[in-house]
1. From the list 212, 223, which one is hydroxyl-bearing (Ser, Thr, Tyr) and either surrounded by fewer than 17 Cβ atoms within 10 Å (Cβ to Cβ) or modelled with pLDDT of 90 or more (or both)?
2. Within the stretch 177-221, which residues are closer than 30 Å to residue 382 by Cα, assigned to a helix (DSSP H, G or I) and among the polar types (S, T, N, Q)?
3. Within the stretch 329-347, can you find the residues that are more than 34 Å from the chain's Cα centre (by Cα) and either of a type in the set (Val, Ile, Thr) or surrounded by fewer than 12 Cβ atoms within 10 Å (Cβ to Cβ) (or both)?
4. Go through the stretch 292-315 and give me each residue that's within 28 Å of the chain's Cα centre (by Cα) and of a type in the set (D, E, K, R).
5. For residue 57, are the conditions met, namely being under 37 Å from the mean Cα position of the chain (by Cα), under 23 Å from residue 375 (Cβ atoms) and either part of a loop (DSSP other than H, G, I, E, B) or in the same structural domain as residue 185 (by TED's automatic domain parsing) (or both)?
6. Which members of the stretch 92-134 meet the condition of being among the acidic types (Asp, Glu) and crowded, with 19+ Cβ neighbours inside 10 Å?
7. Just for the stretch 104-154: of the residues that are of a type in the set (Gly, Ala, Ser) and closer than 18 Å to residue 423 by Cβ, which one is nearest to the chain's Cα centre (by Cα)?
Amino acid sequence: MAIIRISGPIACDVAESIAGNIPSHRIAALRTFRNSSGEAIDTGLVIPFLQPNSYTGEDVVELQCHGGPAVVTALFSEVCSAGARPAERGEFTERAFLNGQLDLSQAEAIAALIDAESQAARKAALRSLDGSYGNLIRDIADRILELRSRIEATLDFPDEEDITDFNKPYLINELCEINSEINGLLQRAENGLKLRSGYQISLVGRPNVGKSKLMNVLVGRESSIVTDTEGTTRDLIRERFECNTQTVDLVDTAGIRFSESINSIELEGIRRAQQQIEESDIALLVIELHKGLGEDDIEVLRLIPEGKSLIVACNKADLCDDRASDLAYIADNAGIDEARVIPVSAISGTGLHTLREIIADVVADSDHGDVYASEQRHVDSFSSCKSHLEAAVNAYEREYDIAIVAEHLRNAQNSLSEITGHVTPEHVLDSIFSKFCIGK
């Protein structure tokens, strides 16, 4: 089956010229689709959705036909000949936004739902799509507007005692409370952005400890070249896979060694590995269990920033028996719980299930509760709002001109309104809707 969807003021006229009399709102009817010469194109269903009770808020008619290319091409051509035109990317959703059917955060949530690569990303998109995200933002924006209105009233009516008698502790308390809520939303937006882009796990360690082989078995395909030659991996190798309900980007890095004989190419690979460690959410250190934690391994550990989530995979467990004392020693030096030190074998598969479970647990620990589908512009807007709220409090406490306080509050309010689309430049709208697929 194929669906040709027509939206706009002449949607019903176009449909009637092809299918004859169309049924009532939301009623499906079987019709023969004909061209302007009266020749039958196909037999299918016609379903009208009359404004404002449609996706776009305009009259919408769906023509459902057989999905063969010849049928679809002929019917689509006839629809265009009758006065319609092909939709631009995201135009249906853009019309829905412009007609007040949804706000901009909901429009972006539709794109996020289509692009979702994990169950967690899908759920986050649905939370934004139901309108709760936008409602939360609008509620805070309204509270800022109320405070701003009261402050601006003191500028407009300076002689009215009941207006100018403003409670300073109340205002500061309200602004601090709102700022705290914005901080929470900023954190959730950053987590939502991370959820969509994927949590990054860097495989790090000395050369020839089996990082590349371990990556291949974790992602289930031969992504990294595996040889016995040191320094084989020099570029970063990235693979995405789903871990529990989360999308994870696993990054294989160059082996890190500490020697004066390193050539410039290998040195660049090590530099990139260090940068990747900094940027990743989780570091997965790979060592050799049968050799234990050596001095070079400890040097690699020192490259991992304090506070970074860390897992240690003790590879080549097939070459020796598990030694609990060694695992405890490794955990103590790494500063992590012993449960995060896992004996594995990329050859025999020993411990891989446990490693995957630990990765899933650490990723889950990085997820701070329910998040919404977010974009970088949301993070930027929340950050801007936070800065203006803090500036407003500072100006009020220092008894600056009250107009300065009001201006900071106006900017804070506008920052929030940019997320929902109540204050959004035209070029931002063009950028957002151009990312949609045709027909959405």
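1. Step by step, each of 212, 223 is checked, and only 223 is hydroxyl-bearing (Ser, Thr, Tyr) and either surrounded by fewer than 17 Cβ atoms within 10 Å (Cβ to Cβ) or modelled with pLDDT of 90 or more (or both).
2. Listed by number, the residues that qualify are 179, 180, 183, 187, 191, 197.
3. 330, 347
4. Residues satisfying the conditions are 306, 308.
5. Criteria not met by residue 57.
6. Once the filter is applied, which keeps residues that are among the acidic types (Asp, Glu) and crowded, with 19+ Cβ neighbours inside 10 Å, the stretch 92-134 yields 94, 103, 108.
7. 105
Yes/no matrix, rows are residues, columns are (1) in a loop (DSSP other than H, G, I, E, B); (2) out of contact with any helix residue (DSSP H, G or I) (no Cβ under 7 Å at 6 or more places or on another chain); (3) among the small types (Gly, Ala, Ser):
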| site | (1), (2), (3) |
| --- | --- |
| 347 | yes, no, no |
| 362 | no, yes, no |
| 371 | yes, no, no |
| 378 | no, no, no |
| 399 | yes, yes, no |
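The values are calculated or read from the model by the stated rules, or taken from the named source; none is laboratory data. Everything quoted here is computed from the prediction, not taken from an experiment. Every residue, glycine among them, receives a Cβ derived from its backbone with ideal geometry; neighbour counts consider all protein chains shown.
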